[in-house]
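Engineer: Right, I'll just put the structure down here and ask away after.
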Amino acid sequence: MTNSSLAAPDATLVERLATANRILYNEGVVDGFGHVSVRHDRSAGHFLLARNMAPALVTPADILTFDLDGTPIDAGDRRVYLERFIHGEIYRVRPDVVAVVHSHSPNVIPFAVTKTPLRPVYHMSGFLGEGTAHFEIRDVAGNSDLLIRNSALGRALATALGVRSAVLMRGHGSTVVGTSLEQVVYRAIYAEMNARLQTQATALGAVTYLNAEEAALAAATNDTQLARVWELWQRKVER
Ligand SMILES: [Zn+2]
């Protein structure tokens, strides 16, 4: 499909993406930085992402369409995020992924710098499965500003993510993927929560994590409850 023949995305999807931006700010996952994207509903080779701005301020009018190379097709003179390559390169290699959150959520940072995987300490974070992946940008880029600012770095990050639900980025943050906007927002919020709880639990003693089967069963159940928490989080940002 050429860009000129690309159909407009579903208006409710654009609306939900704007809401997702505000929820992630309100729940402490993103601050002035970080972003969330969703795959275009009419073209698997495109995704939707806000223009370069603070997530808390995003409205539907700020949502742009990009191809998987990270090239915006309708940005005009609006600035785009430096790290848009995170999104396109993950969508390229993970056909199951429909939404991506990249953040610098604070409780996750200590795990990334110590190469300690996040593992599920409770049922809410069953999506963490057997643990997060780890990405060391220095192995790919040498000394850099740590940002995923081109396709090659995006590809390396996507490779590090592999089949997992989240990848920790040393000295930077994390990227979480999901099969829907509602699911990826849930995962980003509970990854941050799990990080805090895992740090607390580790200080107390040896931790018994959910095993792989418990994690999978819990994740499947949680996926049936996404509408319930989304409705709550949405209400909080509409007030
Ligand atoms: Zn970043």
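Engineer: For the chain, build the charge dipole from Cβ charges (+1 Lys, Arg; -1 Asp, Glu) around the Cα centre, then report which of Ile137, Gly88, Ala7 sits farthest towards its positive end.
Structural biologist: Ile137
Engineer: Keeping the other protein chains in place, figure out the carbon and sulfur percent of the accessible area of the chain, with a 1.4 Å probe. Numbers along the way, then the final one.
Structural biologist: Numbers: 5810 of 10950 Å².
On the chain, the fraction of accessible area on carbon and sulfur atoms equals 53 percent.
Engineer: So, in Å, what gap is there between the alpha-carbon centers of the stretch 105-156 and the stretch 166-239?
Structural biologist: 15 Å
Engineer: Further, regarding this structure: Please report, in debye to the nearest 20, how large the charge dipole of the chain is about its Cα centre when each Lys and Arg carries +1 at its beta carbon and each Asp and Glu carries -1 there.
Structural biologist: The calculated dipole for the chain is roughly 300 debye.
Engineer: How much length would be gained if the chain were fully extended between Ala56 and Arg79, taking 0.36 nm per residue of separation minus their Cα-Cα distance, in nm to one decimal?
Structural biologist: 6.6 nm
Engineer: Something else about it: Taking the DSSP beta bridges in the chain as the whole, what percent of them are antiparallel, to the nearest 5?
Structural biologist: Roughly 90 percent of the beta bridges in the chain run antiparallel, per DSSP.
Engineer: Roughly speaking, what is the stretch gain from Thr114 to Asp223, that is 0.36 nm per residue apart minus the C-alpha to C-alpha distance, in nm to one decimal?
Structural biologist: Net length gain for the segment: 36.2 nm.
Engineer: Could you bin all the Cα-Cα distances of the stretch 196-239 into 10 Å bins starting at 0 and give me the percent of pairs in each, rounded to whole numbers?
Structural biologist: Distribution as computed: 22, 27, 35, 15, 0 percent.
Engineer: With the alpha-carbon atoms as the only input, what is the per residue convex hull volume for the stretch 131-204 in Å³?
Structural biologist: 106 Å³
Engineer: Continuing with this model, one more query. Restricting things to alpha carbons, tell me how big the chain is in terms of Rg and Dmax, in Å.
Structural biologist: In Å, with Rg to one decimal and Dmax whole: 17.1, 58.
Engineer: Now for a different question. Hey, could you grab the Kirkwood Rh for the stretch 1-98? Inverse mean 1/r over distinct alpha carbon pairs, Å, one decimal.
Structural biologist: 13.4 Å
Engineer: Here's a follow-up. Note down the magnitude of the dipole of the stretch 1-124 about its Cα centre, charges +1 on Lys and Arg C-beta and -1 on Asp and Glu C-beta and zero elsewhere, to the nearest 20 debye.
Structural biologist: So the dipole magnitude of the stretch 1-124 works out to roughly 280 debye.
Engineer: Working out 0.36 nm times the residue gap between Lys236 and Tyr122, then minus their Cα-Cα distance, what length gain in nm do you get to one decimal? If you can, show how the numbers build up before the last one.
Structural biologist: Values: separation 114, 0.36 × 114 = 41.04 nm, distance 2.46 nm.
Length gained, Lys236 through Tyr122: 38.6 nm.
Engineer: For the stretch 79-207, with only Lys/Arg (+1) and Asp/Glu (-1) charged at the beta-carbon, what is the dipole magnitude about the Cα centre, in debye rounded to 20?
Structural biologist: Using only the charged Cβ atoms, the result is roughly 140 debye.
Engineer: Relative to the longest principal axis of the C-alpha atoms of the chain, give the angle of the C-alpha long axis of helix 11-26, reported between 0 and 90° and rounded to the nearest 10°.
Structural biologist: Relative to the chain, helix 11-26 is tipped by roughly 40 degrees.
Engineer: For the chain, build the charge dipole from Cβ charges (+1 Lys, Arg; -1 Asp, Glu) around the Cα centre, then report which of Met193, Gly126, Ala50 sits farthest towards its positive end.
Structural biologist: Positive-end residue among those listed: Met193.
Engineer: Relative contact order of the chain: what whole-number percent is it, with Cα pairs under 8 angstrom and at least 6 residues apart?
Structural biologist: Averaging sequence separation for qualifying contacts and normalising by length gives 22 percent for the chain.
Engineer: Just to confirm, what accessible area per residue do you get for the chain at 1.4 Å probe, in whole Å²?
Structural biologist: Per-residue value: 46 Å².
Engineer: Another one. Run through the stretch 1-74 and list the chymotrypsin sites (Phe, Trp or Tyr not before Pro) located in a DSSP loop whose Cβ has at most 14 other Cβ atoms within 10 Å.
Structural biologist: Phe33
The values are calculated or read from the model by the stated rules, or taken from the named source; none is laboratory data. Because the structure is predicted, anything quoted here is derived from the model rather than measured. When we count neighbours, we look across all protein chains shown, and the Cβ atoms used for this are built from the backbone with ideal geometry, even at glycine. SASA here: full protein model, heavy atoms, side chains in, ligands and nucleic acids out. Shrake-Rupley method; radii C 1.70, N 1.55, O 1.52, S 1.80 Å.
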